[in-house]
Every structure is written in structure tokens, then in C-alpha cells.
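Every read-out reported here was derived from the displayed coordinates using simple, explicitly stated rules and does not represent laboratory data. Values in this document were obtained by computation on a predicted structure and should not be read as measured data. All Cβ positions, glycine included, derive from the backbone under ideal geometry; neighbour counts span all protein chains shown.
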Amino acid sequence: MKISWLGVAVIVSSFCFLRAQAPAETRSVWDGVYTEEQAKRGEEVYQKECAACHGDMLTGGESAPPLTGGAFQANWNGLSLSDLFDRIRKTMPQSKPGRLTRQQDADVLAFLLNINKFPAGKTELYRQSEMLKEIRFEAKKPAKN
Amino acid sequence: MFSRMVRNGSLRLVCWVVMFSLTPAVAWAQNHPKDTEWPSYAADTAGTRYRPLDQINASNFSDLEIAWRIKTDNFGDRPEYKLEGTPLMVNGVLYATAGSRRAVIALDPESGELLWIHGEHEGKRGGAAPRQLSGRGLAYWSDGVDERILYVTPGFRLICLDAKTGQRVPSFGENGVVDLKRHDDQEIFPDLETGEIGMQSAPVVAKDTVMVGAAFREGMTPKSMRNNKGYVRGFDVRTGRRLWIFHTIPRKGEFGYDTWLNGSAEYTGNTGVWTQISVDEQLGLVYLPVESPTSDFYGGHRHGDNLFGETLVCVDLKTGERKWHFQLVHHALWDMDISSAPILADITVDKKPVKAVAQPTKQGFLYVFDRVTGKPIWPMPEKPVEVGTVPGEWYSHTQPIPSKPPAYNRNGVSIDDLIDFTPALRERAKEIASKYHLGPVYTPPTVSKLEGPLGTLTMGTASGGTNWPGGSYDPETHVVYVYACNSCIEPIGLVPAPKDISDLNYIAGVAGRDVQIMRGPGENAGADSPKPPKKRPASQYVRLDVDGLPLVKPPYGTISAINLDKGEIVWQIPHGETPDVVRNAELLKGMNIPRTGQETYNVGTLVTKTLVIAGEAQVTTTADHPRGAMLRAYDKATGKEVGAVYMPAPESGSPMTYMIHGKQYIVVAVSGGPYSGEYIAYTLPSAGE
């Protein structure tokens, strides 16, 4: 059999290219992607900036959806954490979207994860949307291998 | 294409008009039958949400595909995630409200092509409005020559547009505008710019009168016992001149004033009609579903029955004069606003024809009256109800309870309602419920105490039951179809109001937690909104669920078919896929749980010749479809599901249908979570595809 080394090179380089382009979703919200400390900071921001519409218990109201519970988690299930971060960053607070800093938005997101009983870890949540793409929002805890 | 900008005092009007030839549509309109159109918010002024179309039917519903779609992100200075509109389709053009600016758009109903757009920049007045975002819709009027579109802006101005161009009609009001904060028999306080009053529902037009109600902020934690009043008015659709006003809180000397003790009618406000008004043009009668007076859960500053709070009122179309009324709830304490359009139905009871009006409600009673006389079709005896113990409160000792039809959703909470998938879950639910006061419909709120009760656990109250989407009605079979939340639990507790927050003695709250002023739908969410107030941190977070599972057992949400000739529920089905949190629960693995329906309060139904159609209002991810929601069709005779089509986001506005050039379309508003507002039109594939 005659091997075309040029062909192999093309295939290998294409594979490497595809690997580089593929989304690097290697973690989920079950992997301890924020810290307790960050969630505490987020709680303060939440109560000051978000609770008037979403409720101090995050149960929502007529004006805003709940940020805890099954319906909330189903809304974001399967998306990346950057989708949720961007929703906060680009549209919240509704009175003046983008008024909060990235750090505040990330802290609020950490608080939401905490309230929804996703575990805390040792490193803080990223505060850049691009970096949050690697973290998947999984409503259901994955089975252990 | 051209653009035009007009300065009008402090209000800036921006009207972009993209005009294309409407000639083909007008030519088509000359030969069309009315059954193919949707000329009013609820299809007609009888509130039926019914069209006898049948091209889309049980055999092909699942074949539906998207004909066109339009995102509403750019119809305002920020995207909207709560698109609640139902479009109109009349004379070959589709009209809708859209976006955080509450713009009006005109579209080609076959292609979705934008024909024109109209937007009002209201500045601070719009930003301070209690009911913002895109609203629920608009009204159409024509005398055969002129065609007009009417809608109410967030800043509470009635706008009249030329339906062909989207330009204001100069001869209506002042340059196409009636300032609804004026001509209202009251001084809106504190001022016209920031005074609390608005409206998110669609105006209704009957003959040559356009009618509007009023809405306010969320009423659970009002800042004051005093507020502006929600009167209802009729205006001449040609000139904008006020024709009549109905005082939903009677003035001194008017009927019902004495139901407000200690002069409380003078300062109490709200009591508006924030939902849809229905009209019988032939009888010349208007049906007003009135909401609660100021302070949803505490009436200690408004002793008495409080007419016309939570009352169905019939008034004369020409004069606004009261013909009859029936108070559904005396001295409102549960936020049981009459929340949806009264349904006008010509039925046959005991072999006698009756012109009836049927009123769906949050509390799950369908109240049915003779719509000429106001007499109940079936007895509604006053029955004793629990009297509470909140200091300073005044209680009605009885409430009218319809003997027929039976309640179509849970309207109280008992141990038997709690989750029972397993005995252990029931026990844990009982433990949670033990912190609250339980009881049947009209169990009053309690003062919230740390040692218990934290409040009264209720269902069929603030959320409903049936909320603003209301029901549908088939005039051929005399059946009402109505969605209801069957699991929307509302804990109602009262706490002394901090003096820096409210002048009421009590407002809604939970012992041990800071009082939180709740905002109304869309408040501070629309264009030009100010920033929210500061808030102190809370100390604890309690969820009314058991390991994420709903506290009560299924069905969580239902559609009921109710025969109005007999006053009987013909069928009742759970509506909506079982929520992910239940379907995927480890605790329930291996159990065979039938479809549960979903916990939500904003599902609207549509009835056609053979189908009842309704979307899901929650997202699920299943083996059959990716993350999204389904628009479902049921055989209207049996309730059996006959088809479903995928939507990328939940139904957030009630569906409508029309037929043009031989094709039937269904349009539905979707939005929520990560998905911003979008109208989607479905139709069948063309022959041969």
C-alpha cells in the first residue's frame, strides 16, 4: 500500500486544527467552580441590586423569573456558564444594564450557583465570558464514573 | 423608505415608516370572510380566543414549520425577555406591540416583512411607569374607510395611529394622543410625570368607543394606603373625546360609597381594570373585571366590602352607567384580582337560551351569570369563611361560592395536596407545611411569626389559578377551555410595616427577614428606567420545595374543558411536559410518573374548529427534543393530545391564528431565560413539499 505522507500530514494537521477550535468544555457547575467567599460577596450585590425584582429569596415575582429551583435550572441546562454570565452582564440590572463590574457579575453568578446547591471549590469563578465557556451548566449531577 | 422625527414638548416621537405597497392586501381584503381574521386582542370583544379554522388539524399539527419569525430586541434600547403580546391580523396586515419601547409594528402576515414601526420616547415618564415593556397588545378600528390602531404607552398615553402608515392620527386627541393621566376625575399624584398609573393590556374598541382601564405597581408591599384610583373610561374613537367614566371606587353620593367605612374610599386607590375588557356590541353592554383595592393582603385601612373591588361590573357602552354588578370577593385579602377577559357566551340552560358571561378566576371558580341581568346561572350562596386575627383588619364573614361548575384548580392547601411520590417525601412536605397556616379557599392571611405560623399557605391567590391569559370559548359547543396553575403556592404572611417603607400597619413579609418592596411586571425594566433602590442583605434562604421537587403533588398545571350548558367539567388534562427536576430526580428513579403538567401561571389557549392549542411556559430537555418548549394541540372534544411542535423558548404570550391566501397560520410570542422576545409564525408546508 502506498502511503501519501502529504495526505497524512493534512489529516493530522486538520485534526490538530479541529481540536484547537473545538469548545473546551471540560468542567461543569458540579466541579467546584466558585468559592464560598465569592458567593458571600455575590449575596451582598444580589440583595442590593437584584432582589427588588427577583425577590430576596430568589423566588421571583410577576416582574422577574425565579433564580432558583427547577424552572430556573431547566432554562439554563446544557448551556455554558458564559451564557448565564452574559445574560446578567448585558441585560442586568434592567434599570441600567452593564452598570455592575465584571467582578460583581461573577460574584452574583457565584451566589446563584451556591443557592442552587452547586458545590463551592477552591478557585473563584472567572470574570470573563470567554473563559466561562468551558464551564457547562448541568442541572443534574453527573453520575460518577 | 423614510424616517421622521417630531418634537412634541418633552415627549419625543420617533416614527420610522417603511412603506411598501399594500395594494395586494387591500384587494384581498375586499373578499375575505371575517372568520379568517383576528381583529381584537382575544379574537373578538367577547373574549373567546376562537376561530373556526381547520386547515391545521389533528392530522397535520406536528408537521407545522416556521413560516417567519421576528425578534423584538431592537424595538427598544434593551432586549425584552417577557414578550406577552398577542398580535392582531386584519385586512391583510398583522399588528403587534413589541420590545422594551412597546413599539407598534405592522408586518406582512405571510412573510413577516416589516411594513412600518412606531415608537414613543417618553423619557422620565416612561421610565417611572408602573407597567413597562411591550404590553399585551393593541386595538383596531375601521369605519370601512379609515383604519386605526390604538394602544396605550407605558407612560399611560392613548395613541391613535393610521393603520396604513403607522403615523399618528392628528384629529384624535392632541396630535393623535390622549393623555390618560388627565381627564380622569382625579389629580394624579405626585405629578403627571411620575404619578403611579399605567396599563399593559390592550384597549378594546366597540362600535365607535375605545375603552381603557388602569394598572398599578405590585400591591403586596405598597408604600402607602393612599394611591391613585383605577377608573375606567370610554373615548370617542374618532376624536379622542372622553365619553364616559366609571368610578371603580365610588365617589361620595354614588352607589357603593358606604361599603368603604370611615371614609376610606377617599384615599384608597388601585381597584383598576388591568386586564381585558369584554363588550357585547348588540346589547350595548361592557363587562369590567375589577382588581383589588390598595394593599393586596391587608385591608385594615379600608374596612368594609369595598365595592367595586374584585367585582364584575356591567356598564352601558354609550354612557358607562352601571347596569349590574356582582362582587366575587368581599373585602379583598388574597390578591384575587379578576385577572382575565370575561367570556361572553350564548348558552342553553334547562332548554332555555341564555346570554351568559363566564368569568375565569385566580381562585379557580368559573362564575357564570346572565349577562343582561347579572343573575347567577347557578346558585352562588354566601358561605361562612374563616375570620382571621390580624390586628386592625376587617373581615367579611361570608363569601359567594358557585355551586356549579366545580372549581377547576386547587384554591386552598391541605395535607392531602402535598407531594406523595413516596411516604418520606410526604413527611418532609408536612414538616415544611407545619410552619404555615393551612386551609381551604378564603383562609385569611396571618401575621408572620418566627415561632409559627410564618403565614398562610395558599393556592389560587396572587398567581392563580387562571391569570391574565384567561380562557377560550367555543361558541358552537358552548365549552370554555381554560388553563390554570394547580401548584402555584403563595405563602401570605404579614409583618408590621417599617415606617420608612410604608404608612400601612402591615404589609407582606416574613418574620425575621427584611421587608422587600416587590416590583410590578416590567417596572424598572423598560426603556428609560432609573436604577433600583439599595437593599440590606437577608439572612437566610428557604425554598418551598422538597429537594427541588414541588411541595404539592401533580398535576402542576391543567387545561379544563367546561360545558356551560351544564356547568360541568367535561375533561381536565395536565398541560406541559413533566419538569426536568421531576423527570430526572434520582429519588423518583424507576417510578412510573404520568405527565405532570407544569407550574406556571401564564399559559393562554387558542381554540379552532377541532383543536385546543397552548404552548408550554417552562423549558424542558427530553429525549424527544432539545432544550426548549412545545406548542401542543389537543382534540377539543376529548382533551387527547394530537400533535406538538417545538419552540425554542416558552410561550410567553397567548397564541392566535388567521388565514390568508388559503393558508392558516398560528403566531405565538416566546421568551424567557436566555431567550429574548420573538414572535414565531407557524404554518403547514406548501403542497408538494
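What to note about this one:
- Counting, for every residue in B:178-191, the Cβ atoms of other protein chains within 10 Å of its Cβ and taking the mean gives 0.
- The simple Förster model, with R0 at 45 Å and r as the Cβ-Cβ distance, assigns B:N60 and B:T194 a FRET efficiency of 0.30.
- Potential lengthening between B:D208 and B:R69 on full extension [0.36 nm per residue; Cα-Cα distance subtracted]: 46.7 nm
- With a cut-off of 14 Å between beta carbons, the residues surrounding B:P405 carry a summed charge of 0, where Lys and Arg count +1 and Asp and Glu -1.
- Between the range B:640-683 and the range B:115-137, the alpha-carbon center distance in angstrom: 24 Å
- Segment B:S224..B:L588, full-extension length gain: 126.3 nm, with 0.36 nm per residue of separation and the alpha-carbon distance subtracted.
- Pairwise FRET efficiency - B:T373 versus B:K449, Cβ, R0 = 41 Å, nearest 0.05: 0.30
- For B:D296, the residues 5 or more places off, or on other chains, whose built amide H falls under 5 Å of its own are B:M220.
- Multiplying the residue separation of B:D624 and B:K663 by 0.36 nm and subtracting their alpha-carbon distance yields 11.2 nm.
- Two-site label geometry, B:Y267 and B:A511: point separation in nm, points 7 Å out along Cα→Cβ: 2.9 nm
- For the pair the range B:543-567 / the range B:319-334, the C-alpha centres are spaced 28 Å from each other.
- MRE, 222 nm, helices only [DSSP H, n ≥ 4, -39500 (n - 2.57), over chain B, to nearest 500]: -1000 deg cm²/dmol
- Peptide ranges B:620-632, B:673-685 listed from the most packed, as the mean C-beta count within 10 angstrom indicates: B:673-685, B:620-632
- Rounded, prolate or oblate (a/c below 1.5 giving rounded, otherwise prolate when a/b exceeds b/c) for the range B:129-274 by Cα gyration tensor: prolate
- Shielding by partners - mean other protein chain Cβ count within 10 Å, residues of A:88-95: 5
- Cβ-derived FRET efficiency at R0 30 Å, A:K140 paired with B:E427, nearest 0.05: 0.75
- Highest average first, the peptides B:138-150, A:67-79 ordered by how many other beta carbon atoms sit within 10 Å of their residues are A:67-79, B:138-150.
- Shielding value for A:47-54 is 6, the average number of Cβ atoms from other chains within 10 Å of each residue's Cβ.
- Taking other residues whose beta carbon is less than 13 angstrom from the beta carbon of B:P445, and scoring Lys, Arg as +1 and Asp, Glu as -1, yields -4.
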